[in-house]
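All of the numbers you see were taken from the coordinates with simple rules; none came from a lab. Quantities reported herein were computed from a predicted structural model and do not represent experimental measurements. Quick reminder, even Gly has a Cβ in these numbers, built from the backbone with ideal geometry, and neighbours come from all protein chains shown.
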Amino acid sequence: YGYLQELISVTLCNRQLGLFIAMSQFMGYSIWSKVFHVYVKNKKDKKSHLLSSETEGLLPITNSISSDAASSSSSAKNKVPMKLYIIISILRAIDAGMTNMAMAYVNYPAKTLLKSSRVVFTMIFGTLMKRKKYSVIDYMIVLLMVSGLAIFLHADAQSSAVFQPIGIIMLVVSLLCDGAVSNMSEAIMNQYNIGQDEFIYNLYTIVAFGITCAALVKGDLKEGFLFLFSPGTYDEIQDGITSSATATLSTWSAGSKILMIVLFSSTGFFGSSCSALITKEFGALTMSITSTARK
């Protein structure tokens, strides 16, 4: 996922079309999460049907009534209010939009390193929002990670030609949103007892719609589709290497670019699904530490 993100954002798009990339990413998340949610739901329904068939001869009427009542009660109890999804979707949309647009102002290693400080923001919001108390070991892990981050980030600032303050500001805004989203996600999934794929589907469907609107307003939507279905990188298209006479000079075909977008959103979804499950089972801080360590 990280390799594909850099390939698409830097090599193919030359740090442009940030909102279009985010839109494509989250549309892929919505599709994949819907597939997995339907699969898990069907599997549970079949299991429930088999169990009810086995006990059908004992108390058919009583079981049916009590089962329907329990199902209705559980459904009402576990339904997440739409306003929570809207709030968390807005935060996630800002997070993704700022992250992708920051690629125009900082290089990819610097962006990755700075985003790795998410553990600090997760811990801050965990303390403020949920009154969590962390162990000494948790604080030591975060301190070591941030210390390593500071050393490498300083080197990038000194050596990189693409390291501008506005990019850092965008990433800090992104991290603030990410810290809030991580803690809210943990609270919602545990309080309403919903699976991570159902949660991702409801969340990213709203996010995809919001980012699509933003991309339309900014002009990324039209420009993005023109880029996607034309041969060549963003720079090559801008230079006019798109006609049939010069298409052989382009380094990327339209099909290969679409394939990269599909792989990017697919690998991103699987990582996001695992992260959501870790968040639900072990907490937002553990998820942040795990996702930071893998970088």
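The table for this structure:
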item	result
Cα gyration tensor shape of the range 178-295, rounded if a/c is under 1.5, else prolate or oblate by comparing a/b with b/c	prolate
Under Karplus coefficients 6.51, -1.76 and 1.60, residue-wise ³J(HN,Hα) of the range 102-116 in Hz, glycine/proline x	5, 4, 7, 10, 9, 6, 5, x, 5, 4, 5, 5, 5, 5, 5
ASN42-ILE87 FRET efficiency (beta carbon distance; Förster radius 35 Å; 0.05 resolution)	0.70
For VAL106, distant residues with modelled amide H under 5 Å away	GLN164
Charge dipole (the range 2-46, unit charges on Cβ, about Cα centre) - positive-most of TYR39, ILE8, PHE26	TYR39
Estimated FRET transfer efficiency when R0 is 30 angstrom, pair VAL173-ALA150 (beta carbons, to 0.05)	0.95
